[in-house]
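Single-structure report; data block below.
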Amino acid sequence: MHSTVALVLVSHDGARWLPTVIDGIRAQQAPIAAAVGIDTGSKDESPELLEAAFGVVTRTSGRVSFPEAVDLALDQLGDGPDAPEWVWLLHDDSTPDPGALAALLACAEEHPEADVLGPKLREWPSLRRLLEMGVTISGTGRRETGLERAEYDQGQHDEVRTVLAVNTAGMLVRRRVLRELGGFDKSLPMFGNDIDFGWRAAYAGHTTIVVPQAVVFHAEAAHRGVRRTPLTGRHTHYQERRSALYTLLANSRARSLPFMLLRLALGTLWRMLGFLVVREVGAALDELAALVNVYGRLGGILAARRSRQRRAAVDPAKVKALLPPPWLPYRHGLDFVSDVASALTNQAADVAERRRAAKAEADPASFAARRQAERESQDEDDIPVENGWVVRFFTNPVAVLLTLVGLLGIIGARSAFGTVAGGGLSPVPAGATDWWGLHLESWHALGGGTAVPAPPYVLPLAVLATILGGHTGLAVTVVMILSFPLALGGAWRLLRVVGRLISHRGAPRWLLLWGATAYALVPAVSGAWGDGRLGPVVAGALLPWMVHAALGFADPEPDRRWRAAWRAGLLLSLVTAFAPTGWLAALVLGGVVLAIAFRLVPGSVKDRDVWGPPATALAVPPVLLLPWWLPAVLHGAWRAVLLDPGRLPAPVASGGHLLVGRLDGLGAPWWLGLALPLLALVALVPVRTRIPVLVCWIAGAVIAVVAAVLSWLPLHLPAGTAAAGQSFALVAIQGAAVVAAVLGAQGALLDGIRGWRRIAAGVVATVGIVAAVGGLGWFVVSGHGSLTDDADQLAHEGVPSYMLDTATHDPVEGVLVLRGSVDEGLRYTVLRGDGVTLGTDEITAATPEDQDLTALVRRLASSPDSDVIEQVARQGIEYVVMPSPSDHSVAEGIDASGGLTQASTTDRSTRAWQLDAAPTDPALDGHRSWLRIGLLVIQLVGVVVVVVLCVPTLERRRRR
Amino acid sequence: MSEPDQNERTASAQRHSRVRRGRLGRRLDATLVLAIVLPLVAAAALLATRPDAWSQESRSPTDAPLRSQTVVCPAPMSGDDGIGVTSSSERESGQVEVAGSGASAGTADLSPGRVTDVSAGKGEVVLSASGAVAPGLVAGRASSRPLAATDCTPPVADQWFTGVAAGPAHNSSIELTNPNAGSAVIDVTVLAPNGVMSVPELRGVAVPGHSSRSFELGKLIPRLGSLALHTTVVRGQVAVAVRDRSGQLAGSSGSEEWLPGQAAPSKRILLLGFPDEGEAHTLTLANGGDSQVTATVKLVTPTSVLSPADAPSVQVPPETVKKVELQQLLDDKVADDAYGIEVDATGPITAGLRTVSGGDLAVTAPGASLATPAALVLPEGTDKRVALAGATGVGAVTVVSRSAAGRELASKRVAVKPQQGAVVDVPAGAALVEVRPERTAITASVLLTGHGAAVVPFRQLVMRAEVPGVAPGLR
C-alpha cells in the first residue's frame, strides 16, 4: 500500500523556474494525493502558473516567511484521519527527477524509523554537480555538506545515510512529525530553518535520512542572490549568518552555551578580518550585523532553547554524532589560505599571456588568436607524459644550471651564516623587540637623546625577525643569504615575461639563465654584499619583482592594473626603505614614461584606469614611509632621507663605477663589469627589438641623470660629509643593461644569425659568459669582503665590553668615547645600550649636533675640573673612554681633574675613566610624540590597506 | 561585389600601405636617433656623476687662557734649599696651593713680578695655581753649597734624560712625583751603550696619587758607562726629576746636580752654558731611533758657530748611547769664547753635557726653542750669565732681571741672528730672569756660578691652553 503524500510548494517570484518545476512534479512516478501551492506575494506570473497546475493557490503577502507558509499549507491539509501521512516540500526553484518521490517513498518503507527523508540535491541548471546530500552545521556556524565544491555526481556518495538535516527542497516529512515539532522555526524566515528543524527532530528522537536514489535539482536562487525577497533583502550573507548563529545558540547543549557565545563572537571578528583581507567589506559588515542582531535578542534564543528542551527525548551524545568533527573549521581555514596563495600566484602569471588573450578576443583574425587556437587544439590532443618532478628536473639542463647557480650564490654567501657584521653592516641588537622599540619610539636614548626617527628598513627587519622567533641575527642572515636566490628568481621571472612580450615563445631559456645570473650577481660583484651594504643587496633582490609587478600596468584588465599598482607600490616602498633614492628615481622615471605614453596615445590621459595605477604605485611609498621621512624632516635630519642604510663612511660610486657596477675600491675586477654596458650597447643593433631595448635605455639614462644630480648634493652631517645614496642607481642601471642585453639577443635570434653575424654573436656571447661565470667564480671564492663573525666588538670599537654590559641595563649609564687628537680635532660619541647596532647608525649620523654637549666635551678635553665632570655625569655618562691611540695631553688633563677613577682596559694605550658621580639624564626618557603615534597609525592602516588591495580579486567576485 | 567598390578598396589599401610605410620610416629613423642619443645621454649623466667621498673636516685647536697649572719641585739636594715661585703672566695677584711631602699643605700668595719664597723641607713640593696666576707659573729650587739649581717643571708626558749613569763614581736617581689624586703609571726605558736594557722595575711604575717614588739607578742596575732614560707617562701625570751625582771627585766628597729633561729627540741640539774652567767635559749622545746617526759637534761662540778641524764626529748606532770626551776640544784656543755646544746629527738624537769644575758638577741639557717670553726663578747672590743662541731669524732678545721684591735690576736688549747668539751678564741680586725674544725664536739658558756651577735652561712657559676642536663622531 502506498502512503499518501501531499505536495507543498512555496513560491515567490519563481516564474523563471516554475514551468520546469511543474513539469517535474507532473512527471512523478509516485502518486501525489494532494498539492498545496502557497505564493508569498510574487510580482511575476507565479501564482497564475501554480493555479494552472494545482487549481487553488493561497496568496499571501511577501512578508510571509517560509515557515509560516508551510504552517499555512499544513492547516489546509488539516489533521483529520484522511489527512496525508507525508508532506513533500518543494521550492519554486527545485525540480524533482521523475523517480524522486517514488525513491523517497520506497526508502521510507524500507526504513520505517525514518521520519524525515531528503533527496540528493544537484545543481540546476548544470544538473551534474552535487549540491547537498544531507547537511549539518559546524561549531562555527558553517553549513557543512561533506562534499567538495562543485563535485560531479558519479554515484560516489550513493548510500542511504542518517544525517542531521536535509534541505527543505525535496524534503519528505511525516505530517505528524512536522506538526509535533511545530513546523519550522519562525525566527528563521529564509535560511537555515532546515538544519534547525533537523536538529530539533533529532533531539526529539526522530531520524533523518538522505536518499541518494531520489534526485532533486535545485537552483538555490535565494542563496546565490539571484532572487531577492523582502525577507532576504540585499544582504543574503547577513541572513545566512544570522540563521547559523541562531541555530547554533538555540540547539547547542546548555553547558557549552557560554563557550559557544564567546567563540562565535571571536570567530565573527576573525571572519570579518578574513573578509576584509579579500576586500569583501559588505560581507564583513553582514557578519557583524548578524552577530549584533542575534546577541541583541538573547531572550528569544533562551525561549527557543526552552521549547526545544521540552521536546528533547534522546541522549545529546547521539545527536552530537551527527555534527561534524570539531577540527573541521580549521581545515577550512587552511583551505582558504591555500586558495588565496594559489590565487596570488595565478595573479602573477604572465601579463604577456593575458595581453595576447585580450588581443585574440578583440581581433579574432589576429595572429595571436590563431596562435592561441592552435595551441589549444594541441593541448587537447597531446597527452602530457606524466613524469615525476625529479625526472623532469634532471632532464632539463637549464633548470639544473639555474639551481646550480642559486646554490653557488648561497655558497658565495656562506660567510653570512651565523653572526654577521662588518663593513657597512652593524651588529644586530639583542632581540626583535629592540627593533620594534626603535621603530615605535618617538625619542631614542641614543647619544644625547634624539627625536630623529629610525630608518625605514627597521620595520621590515623587525617583522622578519619576529617571524623568525625574535632572532635578529637570523633575520640579517636570511636577508644576506636569500638575497641572491631571490634576485635570481625575480630576474628569471621578469625576463621570461619581458621575452614573451616580444614573441609568444619568449626568450630562449638559456638566455634567461644568463640574464638572471648576471643580474643576481650585481650586488655581489659590486662589493656591496661583501661590504654588508643592505641597500644594494635588498634593493637588488626586490627590484626585478617590483618591475615584474609594474609590468601589470600594461595588463588589458583594469582590475589587474589596479592590483599591479598596489603590489608595485608595496614593493617600491620596500625598495625605498632599503635604498631611499629609489623612490626619487622611480618618480622621475614614472613621469618620463607617462609623458611618453601620453605623447604616443593621447587618449589615455582621460582614462583614470590608465594613469591611475602608476600614479598610485608612486604615491604608496611616501604614505607607507611617513613615520620615517616626515619626522626626519621636522627634526632637522632631512639628509637622512637621502642616505643609504649602513655604517658611514660608505664607499661611493662615481659614474664610472656605476657603469661597471662597482663600489669604489670593492668588488670583483672592474673590467668584468664592462661586459654588461657593452652588451646593452650592442643590443641596440637588432632592429626587431630596438624599441624595447630603447625603453631599457630610457630607464637607465633617467636613473643615471637622477644619480648625477644627487651626486652633486653633498650631505653635510655633524660627523662629516657623505654622498647621497646610490644603491638604487647601482643595481637599477645594471638591471636595465641586463634586460636590454637579453632583449637584444632575443631580437638577434629572431632575425636569424647568419654569415658574419655568427662571428659577432660568438664574440658577444663569449663576453657575456665570461662576465657571468667570472663574477660567479669571484663571488664564490672571495666574495665575503669585510664581513666577519666577530660582530660584538664592532658595536663599540675600542671600548671595553664590560662598560656596555653595564650600559645594557640602563641607558643612562652611557659611555663617552673620544677619538682623535688635539691637533686634528676630537670626535666624540656617546654609546648606550648595546652600542651602535643595526638601525641606530643612521639615527646617530643624522642627529643634529647638540651644541651644549659639544661645548661640554670641549671643556672636558681642554680644562676639565670637578664641575665639568659633574656636568658630564648629568648627561647620563658613566664612563669616558679614549680608544687607542689616545691623545696624551687630553688624557692627562682628565687624569688630573679629579672626580674620575681610572677604569681598566685590555689595551694599555686605551684610556678609560669611570665617573665618581652617579650618571643621570632626564633627557633620555619621555618625550612621547603624538605626531609619531599618528604617523604610525597611518602607516599601519596604510600597510594593511595596501596588502589587502594587493591580494588578487577572488574569481567569484570578478565574475559577478 | 561591384567593380567600383573593388577599386575603391584597392586604392584605400594602397593609401594605407603608403601611410604605414611613411610611419614606419619615420619610426625607424626615430629609433636610430634614439639609439645614438640615449647612450650619449647616459654617458653624459655618468660622466657628471661625481659624488664626494666621505670626508671629515679636521678641526684645529684654538687657544684659550690657561685655567690651572701645576709645577713640581723635586726633593732638595741638601737641607737649605729654597723654593721661589712667581707667575710671570698677569698683572694680578693670586694664590698658589702648596702640597707634597716637602712642604706643609697650604697656600702662598703671589703678587705681580715678585718672587714668593715657599718654605719647604725635605721632599718634593707641588705648586698648583689656578685662575689668573695659572699662566706662566714659574718656580725654582736651588741650594748654594755646592751650587745646584733647577727649574720646577709641569709634568711632562714624554722626555729624555741623557748622560745618567749607574756606577760608583757617577750615579743617578729618578724621582717620580704624581701631583694628582688618581694613581699614575710611567714607563722608564733605559738606553745603554750596547742597547736597550731590560729593567722590569722601571716598566709600568705605578705612582699612587699625591706621592712620590724614587729609584737609584746604581742600586737597580749597577754598571759602568753612560745611560739615557726615556720616560713615558702611560696614565695620569708624573713629574720626573733626575739627579746626577758625581762621587769621589778630587778634593770633594761628591757633588750633585739636577738633570733637566729634553722634550724630544732632535737633529740639532744646543747645549748652552758650561763653566769655563771645567776639568772634564763629557758629552753623551743617545739615539732612540732605529737607524744609525752621525753627530757632529760644533762650538757656539758669540760671533758664530764654529766647526773646528778636530771636532769629533760620532757614530751613534740605533738604540744606543755614546760618550764623547770634549776636554781637548774645549781646551783649544778656538774654544776660548765658546759658551755652548751645538750637536748636528743626521737623525734625531738626545744629548747631555757634564762638566766637573772645581769639584762641583754642572750638567747642561738641551734648551727649548723659545718664541715667547720665558722666565726662571734663580737663587739670589750667585753670578748669572744668560747664554743665547739658535736664533731662527734676525731679531732681538731682551733679558730682564728682577729682584725678589719685583724691582727691575737690569734690562738688556741684544740683537741676535742665526749662527750668532749673545751672552748677557745678569746682576747677582736677580731672583727672576726673563727672556723676551722678538721676531725670532731663541734658545737660552742661565749659567750660575758661586760655590760651584749650575746650568738651568729656559723652558717654554705654559701661558695658554690648547682647546681641541670638538665635533660629534660616527661611533
> Residues of segment B:170-193 being within 14 Å of another protein chain (Cβ to nearest Cβ) and assigned to a strand (DSSP E or B), which ones?
Replying inline: B:THR177, B:ASN178, B:ALA184, B:VAL185, B:ILE186, B:ASP187
>> Take the conditions without any contact (Cβ under 8 Å) to a residue 40 or more places away in the chain, out of contact with any strand residue (DSSP E or B) (no Cβ under 7 Å at 6 or more places or on another chain), over 21 Å from B:PHE458 (Cβ atoms) and surrounded by fewer than 23 Cβ atoms within 10 Å (Cβ to Cβ) and apply them to B:SER119. Does it pass?
In response: yes
>> Under 8 Å between Cβ atoms, which residue pairs at least 6 apart in sequence (or on different chains) link something in segment A:841-863 that is more than 30 Å from A:TRP628 (Cβ to Cβ) and within 8 Å of another protein chain (Cβ to nearest Cβ) with a partner that is outside any helix (DSSP H, G or I) and polar (S, T, N, Q)?
In response: A:SER863/B:SER68
> Would you say A:ARG533 is charged (D, E, K, R) and more than 30 Å from A:ARG647 (Cβ to Cβ)?
Replying inline: no
> Name the residues in segment A:129-155 that are surrounded by 12 or more Cβ atoms within 10 Å (Cβ to Cβ) and part of a loop (DSSP other than H, G, I, E, B), would you?
Replying inline: A:MET133, A:GLY134, A:SER138, A:GLY139, A:THR140, A:GLY141, A:ARG142, A:THR145, A:GLY146, A:LEU147, A:GLU151, A:ASP153
> In segment A:848-871, how many residues are in a loop (DSSP other than H, G, I, E, B) and either surrounded by 18 or more Cβ atoms within 10 Å (Cβ to Cβ) or in contact with an Asp or Glu (Cβ under 8 Å, 6 or more places away or on another chain) (or both)?
Replying inline: 3
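Conditions tested, residue by residue: (1) in contact (Cβ under 8 Å) with a residue 40 or more places away in the chain; (2) touching a Ser or Thr at 6+ places or on another chain (Cβ under 9 Å); (3) away from chain A (no Cβ under 14 Å).
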site	(1), (2), (3)
B:ASP158	yes, yes, no
B:THR162	yes, yes, yes
B:PRO168	yes, no, yes
B:GLU201	no, no, yes
B:VAL207	no, yes, no
> Does A:SER786 satisfy the condition of being under 27 Å from A:ALA891 (Cβ atoms) and among the hydroxyl-bearing types (Ser, Thr, Tyr)?
Replying inline: no
> All but one of (1) within 14 Å of another protein chain (Cβ to nearest Cβ); (2) of a type outside the set (Ser, Thr, Tyr); (3) surrounded by 14 or more Cβ atoms within 10 Å (Cβ to Cβ) hold for B:GLU57; which doesn't?
Replying inline: (3)
> Do you know which residues across segment A:879-898 are more than 9 Å from chain B (Cβ to nearest Cβ) and within 21 Å of B:SER130 (Cα to Cα)?
Replying inline: A:ILE894
>> touching a strand residue (DSSP E or B) at 6+ places or on another chain (Cβ under 7 Å) and either surrounded by 24 or more Cβ atoms within 10 Å (Cβ to Cβ) or more than 10 Å from every other protein chain (Cβ to nearest Cβ) (or both): is that true of A:ALA722 in this structure?
In response: yes
> Looking at (1) within 21 Å of A:LEU438 (Cβ to Cβ); (2) surrounded by 23 or more Cβ atoms within 10 Å (Cβ to Cβ); (3) within 13 Å of chain B (Cβ to nearest Cβ); (4) not β-branched (Val, Ile, Thr), can you tell me which one A:GLY820 breaks?
Replying inline: (1)
>> Cβ contacts < 9 Å: first residue on the phi > 0 side of the Ramachandran plot and at pLDDT 80 or above, restricted to segment A:216-240; second residue among the aliphatic types (A, V, I, L, M) and surrounded by fewer than 21 Cβ atoms within 10 Å (Cβ to Cβ), any location; separation 6+ or different chain. Result?
In response: A:GLU220/A:VAL226
>> Here is a list: A:TRP756, A:TRP697. Which entry is at pLDDT 90 or above and farther than 30 Å from A:GLY447 by Cα?
In response: A:TRP697
> Residues B:ALA35, B:ALA64, B:ALA75: which one is more than 32 Å from the chain's Cα centre (by Cα) and at negative phi?
Replying inline: B:ALA35
>> For segment A:304-322, give me each residue that is over 12 Å from A:LEU249 (Cβ atoms) and of a type in the set (A, V, I, L, M).
In response: A:ALA312, A:ALA313, A:VAL314, A:ALA317, A:VAL319, A:ALA321, A:LEU322
>> Criterion first (within 14 Å of chain A (Cβ to nearest Cβ), under 26 Å from B:CYS73 (Cβ atoms) and buried (at least 17 other Cβ atoms within 10 Å of the Cβ)) does B:ALA374 satisfy it?
In response: no
>> All but one of (1) part of a helix (DSSP H, G or I); (2) facing chain B (nearest Cβ under 7 Å) hold for A:GLN734; state the number of the condition that does not hold.
In response: (2)
> From the list B:ARG243, B:ARG223, which one is in contact (Cβ under 8 Å) with a residue 40 or more places away in the chain and closer than 20 Å to B:VAL71 by Cβ?
Replying inline: B:ARG243
>> When the residues of segment B:211-247 are narrowed to those that are modelled with pLDDT under 90, within 14 Å of chain A (Cβ to nearest Cβ) and assigned to a loop (DSSP other than H, G, I, E, B), which ends up surrounded by the most Cβ atoms within 10 Å (Cβ to Cβ)?
In response: B:GLY236
>> I'd like the residue in segment A:38-59 that is among the hydroxyl-bearing types (Ser, Thr, Tyr) and touching a helix residue (DSSP H, G or I) at 6+ places or on another chain (Cβ under 7 Å) and, out of all such residues, is surrounded by the most Cβ atoms within 10 Å (Cβ to Cβ).
In response: A:THR40
> With (1) out of contact with any Asp or Glu (no Cβ under 6 Å at 6 or more places or on another chain); (2) crowded, with 24+ Cβ neighbours inside 10 Å; (3) farther than 23 Å from B:ILE269 by Cβ as the list, and B:THR162 as the residue in question, which single condition is left unmet?
Replying inline: (3)
> Among the residues of segment A:600-608, is there at least one that is within 11 Å of another protein chain (Cβ to nearest Cβ) and assigned to a helix (DSSP H, G or I)?
Replying inline: yes
> Picking from A:ALA668, A:ALA683, A:ALA640, A:ALA675, which residue would you name as being within 13 Å of chain B (Cβ to nearest Cβ) and either under 18 Å from A:THR840 (Cβ atoms) or not acidic (Asp, Glu) (or both)?
Replying inline: A:ALA683
> Scanning segment A:156-210 for residues that are hydroxyl-bearing (Ser, Thr, Tyr) and in contact with a Gly (Cβ under 7 Å, 6 or more places away or on another chain), which turns out surrounded by the most Cβ atoms within 10 Å (Cβ to Cβ)?
Replying inline: A:THR208
> In segment B:331-357, what count of residues is obtained for those that are surrounded by fewer than 19 Cβ atoms within 10 Å (Cβ to Cβ) and modelled with pLDDT under 85?
Replying inline: 5
> For segment A:864-878, how many residues are at the interface with chain B (Cβ under 10 Å from one of its Cβ atoms) and among the hydroxyl-bearing types (Ser, Thr, Tyr)?
Replying inline: 0
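The values are calculated or read from the model by the stated rules, or taken from the named source; none is laboratory data. Please read these numbers as outputs of a predicted model, since none were measured by experiment. Backbone-built Cβ (ideal geometry, glycine too); neighbour counts: all protein chains shown.
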